[in-house]
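> Below you'll find the structure I mean.
Any read-out appearing in this document is the output of simple, stated calculations on the displayed coordinates, not a laboratory observation. Worth saying up front: this structure is predicted, and the values here are computed from it rather than measured. All Cβ positions, glycine included, derive from the backbone under ideal geometry; neighbour counts span all protein chains shown.
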Amino acid sequence: MPNIELAKDAREAAVRALSAYLKEELEVEATPFDVQFLLDFIAERIGPYFYNQALADAQANLRAKFELIGEALYELEKPVKA
């Protein structure tokens, strides 16, 4: 699996959010540089769990949609006269 990379604005927002969390909840002051390293660690080590769950959720959603499509197609069938 390729590395999880965020767009620049999303990465900056994540760094701000993580920095605020560290300060407010854990009373830890961290430089933006340090928070970026923490974010990289989270993305590399923990991100795949979220990514894989998102894929599983998408697959389940698609399966349900395909089942509905299959049922709709079945309803379109014409009766065959023997």
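> Taking K23 as the anchor, which lysines have their alpha carbon closer than 26 Å to its alpha carbon, excluding any fewer than eight residues away along the same chain?
Output for K23: K8.
> Also: Multiply the residue separation of D9 and L73 by 0.36 nm, subtract the distance between their alpha-carbon atoms, and state the gained length in nm to one decimal. It would help to have the intermediate numbers written out before the result.
Working: separation 64, 0.36 × 64 = 23.04 nm, distance 4.35 nm.
That works out to 18.7 nm of additional length.
> Separate question: Given (1) 1.92; (2) 1.08; (3) 1.21, which label gives Cα Rg over 2.2 N^0.38 Å as computed from the coordinates?
Computed from the coordinates, Cα Rg over 2.2 N^0.38 Å corresponds to (1).
> Quick one: if you stick a label point 7 Å off each Cα along the C-beta vector at R45 and E27, how many nm between them?
2.5
> Another question, then. Using a 10 Å Cβ count of at most 15 others and DSSP loop calls, identify the longest part of the chain lacking such GluC sites (Glu not before Pro). Numbers along the way, then the final one.
Numbers: sites that count: E5, E27, E29, E77.
Here the longest segment lacking exposed loop sites spans 30-76.
> List the trypsin sites (Lys or Arg not before Pro) within region 1-63 that fall in a DSSP loop (any state other than H, G, I, E or B) and whose Cβ has at most 12 other Cβ atoms within 10 Å. Mind showing how you got there, number by number?
Numbers: sites: K8, R11, R16, K23, R45, R63; in loops: none.
Of the trypsin sites (Lys or Arg not before Pro), not one in the loops of region 1-63 has a Cβ with at most 12 other Cβ atoms within 10 Å.
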